[in-house]
Amino acid sequence: VQLQASGGGLVRPGESLRLACAASRSILSFRTVAWYRQAPGKQREFVASIAGGGVTTYADSVKGRFTISRDAAEKAAYLQMNSLNSEDTAVYYCNAKVNTEVQYWGQGTLVTVSS
């Protein structure tokens, strides 16, 4: 299974970005698809996830600003990020879990929020 993350870039505070995670097989075949991020000098942290039934979960720091979604036809998951601020600067990774023992990671896409 391959996951390809894209959509990162340099934006100003308050702007938006949409990240995409393209999978090599049906996105619905995974129990959950999630986004994590790792800021410079910090540990990787959970951002958002979407489960098989469509239930979404968000970190408190992004709740109300970020939206995770998926498109079965496109075999992709997305992270719409609004009202970005400097604390959102990080490398964003997509993650797909088949079960508690099997998971896959994408290569990461850099998001930089700076004026």
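One table, with the values for the structure above:
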item	result
Phi-based couplings in Hz for the stretch 2-16 (Karplus 6.51, -1.76, 1.60; Gly and Pro marked x)	10, 10, 10, 8, 8, x, x, x, 9, 9, 8, x, x, 7, 10
Nonlocal amide H pairs with V98, under 5 Å, H built at 1.01 Å	R31, Q103, Y104
Total charge dipole magnitude, the chain, about the Cα centre, Cβ charges on Lys, Arg, Asp, Glu only, Debye to nearest 20	140 debye
Residue-wise HN-Hα coupling along the stretch 47-58, computed from phi with Karplus coefficients 6.51, -1.76, 1.60 (Hz; x: Gly, Pro)	10, 6, 8, 9, 9, x, x, x, 6, 10, 9, 10
Relative contact order (%) - the stretch 1-95, alpha-carbon pairs under 8 angstrom, separation at least six	36 percent
Phi-based couplings in Hz for the stretch 90-107 (Karplus 6.51, -1.76, 1.60; Gly and Pro marked x)	4, 8, 9, 10, 9, 9, 10, 10, 8, 7, 5, 10, 10, 8, 10, 10, x, 7
Gained length - S16 relative to E101, 0.36 nm times residue gap less alpha-carbon distance	27.2 nm
Computed magnitude of the charge dipole of the stretch 38-91 (debye, nearest 20; Cβ of K, R +1, Cβ of D, E -1)	80 debye
The stretch 1-54 - charge dipole about Cα centre, Lys and Arg +1 at Cβ, Asp and Glu -1, debye rounded to 20	80 debye
Distant-in-sequence amide H partners of E15 (H built 1.01 Å from N, under 5 Å)	L84
Cα centroid of the stretch 25-44 to Cα centroid of the stretch 68-115, whole Å	6 Å
Using a Förster distance of 35 Å, the FRET efficiency for R25-S115 (Cβ separation, nearest 0.05)	0.30
Label-point gap, in nm, between V1 and D71 - each point 7 angstrom along Cα→Cβ	2.1 nm
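Each reported figure results from applying straightforward, stated rules to the coordinates on display, with no laboratory input. Because the structure is predicted, anything quoted here is derived from the model rather than measured. Quick reminder, even Gly has a Cβ in these numbers, built from the backbone with ideal geometry, and neighbours come from all protein chains shown.
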